[in-house]
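The values are calculated or read from the model by the stated rules, or taken from the named source; none is laboratory data. These numbers were taken from a predicted model, which means no experiment stands behind them. Here Cβ is always computed from backbone atoms with ideal geometry, including for glycine, and neighbour counts include all displayed protein chains.
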Amino acid sequence: MFVTSAFAEETAPSVTGGETHSGTGVPAEAHGTFPPFDPATFPSQLLWLAITFGLFYLFLKKVAMPRIGGIIDVRNDRISQDLDQASKLKGEADAAVAAYEQELAEAKKNANSIGQQANDAAKTEADTARKKIEAALDERLGEAEARISSIKANAMKEVGSIAEDTASAIVEALVGGGKASKADIAAAVKSVAR
Amino acid sequence: MAADKVDPIHQFHIIKLVPINIGGYDLSFTNSALFMVATVIVAAAFLYLTTSSRSLVPGRMQSVSEMAYEFVANMLRDAAGTQGMKFFPLVFSLFMFVLVANLLGLFPYFFTVTSHIIVTFGLAILVIGTVIVYGFMKHGLGFLKLFVPKGVPLVMMVLVVPIEVISFVSRPISLSVRLFANMLAGHITLKVFSGFVVSLSALGAVGVAGSILPLAMAVALTALELLVAFLQAYVFAVLTCMYLNDALHPSH
């Protein structure tokens, strides 16, 4: 820029000097005042600034900014939409987990009650079976006891008569001939048996 | 010739490319006008072409356009609130125009549009004109409350109001001179240091060795000017936002 602008200075005045209509071309102006403060250039610069900046403003307002704003809006919409969807899906997942847990709890409860029922049924069955067997056993016990007592009674009865027979035989053998009366022997046996 | 080489003012000369003269006014198409056109075309084409794919996930260039857009949008919203967004096209155009003009001016051989006070003054007048016209349209004479700060004793008003008026009037001047002077000074400095390189290296081996320092300076200054080009466009846009805020809310 700086080295070669020297060449630009060499060429510029010659080119523009040829083109300018008046004798006071760029060189005269250029060397007269400090260029940024040269009022001769103001109208042209203001005009072209107004034209270029005006067009730029219109272009940005009508074309470029709606487009960039649109892109950003679409992106923000998309992001919020995605977030909404994500939260919705999360809600669904939570609901599914809750439903699953409820079902699990219900199933557990059912299982418990079924188990309880089975347990109860088995218990009652066992009880009735036990009672039946006990009743049967009691019956047989009663029968056996009755038989034992009758046998005992018979035996006792027979023991009495055997004792009487034996006593009379002993008395006969000892005494010889003298027969003891049957009633006396029976009384004696009875008193001993007591 | 040697004097011409280091003439730092040469780069600011206006050269007529297509002479136009209407009603005694010289309205020629000059190198300045050419670079205004170039600025507008470069800026518009960049914004237009980088966003042509309208990608949901932006590429690098589209990101740059979107960043510039949102940067200015946030700037304006922070300064002037959501009401200020009606001026968004104006502020965005100003920012892009000044930024691209400043950046184009950094290219060798290129003319710097914003190094002419009449250009920056034209832009500043556009801003202040918008503020004044919109302020009176929206608030009528209530816009004049801008010059009467709240909670100031009546006696002090005599002093405060003229100060406020002066500060308002000096706004277009400060706005335009800030940008113009920054660009002008930066380019002159660059030119001077680069001129040293040329002059010194013409002196032979010692001169070439001695020219390393100004060359390094020129490189560093170029980087600085790149920053200044952006910074001045930013400052111009921020001040525009603040002045527009005055038009929207004069009694603050």
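Residues in segment B:59-91 that are within 10 Å of chain A (Cβ to nearest Cβ) and over 20 Å from B:Ala44 (Cβ atoms): 0 in all. Is at least one residue of segment A:89-108 away from chain B (no Cβ under 14 Å), among the basic types (Lys, Arg) and either farther than 30 Å from B:Leu56 by Cα or surrounded by fewer than 10 Cβ atoms within 10 Å (Cβ to Cβ) (or both)? Yes: one or more hits. Among residues of segment B:101-110 being surrounded by fewer than 24 Cβ atoms within 10 Å (Cβ to Cβ) and on the phi < 0 side of the Ramachandran plot, the one that is nearest to the other protein chains (Cβ to nearest Cβ) is B:Pro108. Under the condition of being closer than 17 Å to B:Met85 by Cβ and at the interface with another protein chain (Cβ under 7 Å from one of its Cβ atoms), which residue from segment A:47-66 is nearest to the chain's Cα centre (by Cα)? This residue is A:Met65.
Considering every residue within segment B:2-18, establish whether at least one is in a helix (DSSP H, G or I), exposed (fewer than 13 other Cβ atoms within 10 Å of the Cβ) and touching a residue at least 60 places away in the same chain (Cβ under 8 Å). Yes - at least one qualifying residue is present in segment B:2-18.
Within segment B:28-43, the set of residues being without any contact (Cβ under 8 Å) to a residue 60 or more places away in the chain and either among the basic types (Lys, Arg) or more than 8 Å from every other protein chain (Cβ to nearest Cβ) (or both) comprises B:Ile41 only.
When the residues of segment B:44-58 are filtered to those that are at the interface with chain A (Cβ under 7 Å from one of its Cβ atoms) and surrounded by 17 or more Cβ atoms within 10 Å (Cβ to Cβ), the one that is farthest from B:Ile117 (Cα to Cα) is B:Thr51. Residues that are under 30 Å from A:Lys190 (Cβ atoms), without any contact (Cβ under 8 Å) to a residue 24 or more places away in the chain, more than 20 Å from the chain's Cα centre (by Cα) and part of a helix (DSSP H, G or I): does segment A:136-144 have at least one? Yes: one or more hits.
Table: residues versus (1) more than 30 Å from B:Phe143 (Cβ to Cβ); (2) surrounded by fewer than 15 Cβ atoms within 10 Å (Cβ to Cβ); (3) free of Cβ contacts under 8 Å to residues at least 24 places away in the same chain; (4) more than 14 Å from every other protein chain (Cβ to nearest Cβ).
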{"residue": "B:Val169", "(1), (2), (3), (4)": "no, yes, yes, yes"}
{"residue": "B:Leu175", "(1), (2), (3), (4)": "no, no, no, yes"}
{"residue": "B:Met217", "(1), (2), (3), (4)": "yes, no, no, no"}
{"residue": "B:Leu227", "(1), (2), (3), (4)": "yes, yes, yes, yes"}
{"residue": "B:Ala237", "(1), (2), (3), (4)": "no, no, no, no"}
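Among the residues of segment B:50-92, those identified as more than 16 Å from B:Val235 (Cα to Cα), polar (S, T, N, Q) and in a helix (DSSP H, G or I) are B:Thr50, B:Gln62, B:Ser63, B:Ser65, B:Thr82, B:Gln83.
Of the helices (runs of 4 or more DSSP H) contained entirely in segment B:114-214, those carrying at least 3 residues that are modelled with pLDDT under 90 fall at B:154-201, B:205-210. Take A:Thr33 and decide whether it is of a type in the set (Ser, Thr, Tyr) and at the interface with chain B (Cβ under 7 Å from one of its Cβ atoms). No.
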